[in-house]
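J.: Quick one: the structure is below, questions incoming.
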């Protein structure tokens with residue numbers, strides 16, 4: 001939903017220059033049409049099976065984004081009590097929320113039990129015992145799936161690979177039967193499902209097929225032992241195109257899931273995050289200076305690694321486009337960097353760009369996932385504003401932080417004078 005019109009980059013029907021003029025930079029800009037389109041593509045792809053598309057809130061926890069998916073009928077995948085609170089504040093149906101994560105604390109689990117969520121995806125024997133004891137104390141039963149680790153290599157970045165033996169997530173699939181037997185014996189628990197998640201930014205169906213075949217076999221073994229498995233959570237969704245990736249189509253993904261669960265009589269849950277929001281957002285930045293170094297040219301902008309850490313953390317590629325098409329011929333390689341006092345503060349390195357001048361606007365593309373949600377206040381920098389575009393209108397859905405916001409809650413003890 002980002003395209004050039006009359007040589008000026010728009011989000012839907014709004015020129016990005018207008019947003020920059022009225023809201024300032026840096027700013028995250030999201031397209032409501034793109035969010036809806038991605039959700040509906042998953043929903044259509046899974047039409048052949050009972051299903052819940054559970055948006056992974058960790059990808060982008062902006063209330064307006066969560067609300068947009070809730071209005072579509074989405075479920076939600078959460079990993080903290082804070083994400084639970086955000087989901088409920090945005091109008092999510094608690095009966096369509098699943099709670100994952102390896103370190104759930106008692107207060108978080110209690111809040112989720114009181115809210116009446118669909119299911120806890122339990123990730124360790126210790127968590128299983130803690131949740132059972134808590135639920136029994138509260139006089140209820142916690143609906144659970146156990147997250148099993150199928151030991152499948154998703155062929156993605158090691159930091160976002162979650163389904164191999166060395167991962168902190170889940171339990172080994174060959175230990176699952178014993179843990180399910182223990183869960184069934186605990187009065188505070190109700191076994192309702194099986195969960196797996198092998199990683200993020202997958203661009204091939206093959207790792208999914210491998211993992212899902214193992215999950216199908218496990219469901220058969222569990223049912224043979226008397227467990228009533230009603231839900232199969234197949235984890236994250238497809239990767240997206242940042243540069244030249246070619247993820248499978250939604251249809252191919254949906255067909256593969258239909259084959260994987262054929263005859264099981266279960267409701268399928270999937271937990272896409274990046275593919276719902278990634279290409280629905282950009283980070284809008286303004287050029288501050290050009291600098292010719294001894295070995296490189298630098299374009300210094302007002303956005304930095306504290307605003308978008310993915311290039312520094314993952315060496316991730318984000319396309320960068322001038323908001324106004326270049327009028328001068330030629331491109332040259334530059335590093336697009338921010339003001340942070342770190343050599344690792346860059347948005348792109350050795351990137352061919354047309355000439356830009358101070359005051360020009362750049363759009364860092366595919367920034368809707370793991371952008372603002374991973375932002376920090378490093379170097380005492382306020383986090384950027386967030387804007388949601390709907391056709392020809394836009395709204396500021398997260399106000400820009402102020403310097404005062406950064407010091408709220410701090411005090412200087414009287415002993416320091």
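All of the numbers you see were taken from the coordinates with simple rules; none came from a lab. Just so it is clear, the model here is predicted, and its values are computed rather than measured. Backbone-built Cβ (ideal geometry, glycine too); neighbour counts: all protein chains shown.
J.: What ranking do 197, 318, 332 get, fewest neighbouring Cβ atoms within 10 angstrom at the top?
T.: With the fewest neighbours first, 197, 318, 332 line up as 332, 318, 197.
J.: Next up: Report, to the nearest 10°, how far helix 106-115 tilts away from the longest principal axis of the Cα atoms in the chain, using its own Cα long axis and a range of 0 to 90°.
T.: Long axis of 106-115 versus the principal axis of the chain: about 80 degrees.
J.: Whole angstrom only: what separates the Cα centroid of region 181-225 from the Cα centroid of region 309-348?
T.: 41
J.: Based solely on C-alpha atoms, express the radius of gyration and the Dmax of the chain in angstrom.
T.: Looking at the chain, its Cα Rg and Dmax stand at 23.0, 73 Å.
J.: Would you calculate the separation in nanometres between label points at residue 185 and residue 7, each defined as 7 Å from the Cα along the Cα-to-beta-carbon direction?
T.: In this crude spin-label approximation the distance works out to 7.5 nm.
J.: Students often get this wrong: which residues of region 243-259 have the backbone nitrogen under 20 Å from the point 7 angstrom along Cα-to-C-beta of residue 37?
T.: So the set is 243-254.
J.: Related question: Among DSSP beta bridges lying fully in the chain, give the percent that are antiparallel, nearest 5.
T.: 50
J.: Another one. Of all DSSP beta bridges in region 101-270, what percent run antiparallel (nearest 5)?
T.: Of the beta bridges lying entirely in region 101-270, close to 5 percent run antiparallel.
J.: By how many nm would the segment from residue 380 to residue 221 lengthen if fully extended, with 0.36 nm per residue of separation less the alpha-carbon distance?
T.: 51.8 nm
J.: Once you keep just the Cα pairs under 8 angstrom separated by 6 or more residues, what percentage relative contact order results for region 101-270? Walk me through the numbers before you get to the answer.
T.: Details: 295 pairs, mean separation 34.4, N = 170.
After rounding, I find 20 percent.
J.: Between region 351-365 and region 271-304, how far is it from one alpha carbon centroid to the other, in angstrom?
T.: 9
J.: Give the order of 196, 341 when sorted by the count of other beta carbons within 10 angstrom, beginning with the fewest.
T.: Ordered from fewest to most neighbouring Cβ atoms within 10 Å, 196, 341 come out as 341, 196.
J.: For a quick check: sort 376, 312 by the number of other beta carbons within 10 angstrom, fewest at the front.
T.: Numbers: 376 13, 312 19.
Placing the least packed residue first, the sequence is 376, 312.
J.: Given points 7 Å out from each Cα along the Cα-Cβ axis, report the residue 106 to residue 228 separation in nanometres with one decimal.
T.: 3.1
J.: Subtract the Cα-Cα distance of residue 325 and residue 243 from 0.36 nm times their separation in residues, and report this length gain in nm to one decimal.
T.: 27.6 nm
J.: Determine the relative contact order of region 1-132: mean sequence separation of Cα pairs under 8 Å and six or more apart, normalised by residue count, in whole percent.
T.: Values: 159 pairs, mean separation 21.1, N = 132.
Here the relative contact order equals 16 percent.
J.: Compute the Rg/Rh shape ratio of region 300-406: radius of gyration over Kirkwood radius, all on alpha-carbon atoms.
T.: Using Cα coordinates only, the ratio equals 0.97.
J.: For helix 32-45, report the angle its Cα long axis makes with the longest principal axis of the Cα atoms of the chain; keep it between 0 and 90° and round to the nearest 10°.
T.: Between helix and principal axis, roughly 30 degrees.
J.: Spin-label point model (7 Å from Cα, Cβ direction): what's the residue 414 to residue 265 distance in nm?
T.: In this crude label model, residue 414 to residue 265 measures out at 7.2 nm.
J.: Output the Kirkwood hydrodynamic radius of region 101-270, Cα pairs only, in Å rounded to one decimal.
T.: 16.5
J.: In degrees, nearest 10, range 0 to 90: what is the angle between the Cα axis of helix 176-185 and the longest Cα principal axis of the chain?
T.: Once rounded, the angle reads 60 degrees.
J.: If you don't mind, there's one more thing I want to ask. Once R0 is set to 41 Å, what does the formula 1/(1 + (r/R0)^6) return for the Cβ-Cβ distance between residue 407 and residue 44, expressed as a FRET efficiency to the nearest 0.05?
T.: Numbers: r = 48 Å, r/R0 = 1.17.
Once the sixth-power term is evaluated, E becomes 0.30.
J.: First measure r as the distance between the Cβ atoms of residue 129 and residue 168, then evaluate 1/(1 + (r/R0)^6) with R0 = 25 Å and state the FRET efficiency to the nearest 0.05.
T.: Computed FRET efficiency for residue 129 and residue 168 comes out at 0.85.
J.: Under 8 Å for C-alpha pairs, at least 6 residues apart: give me the relative contact order for region 297-351, rounded to a whole percent.
T.: 49
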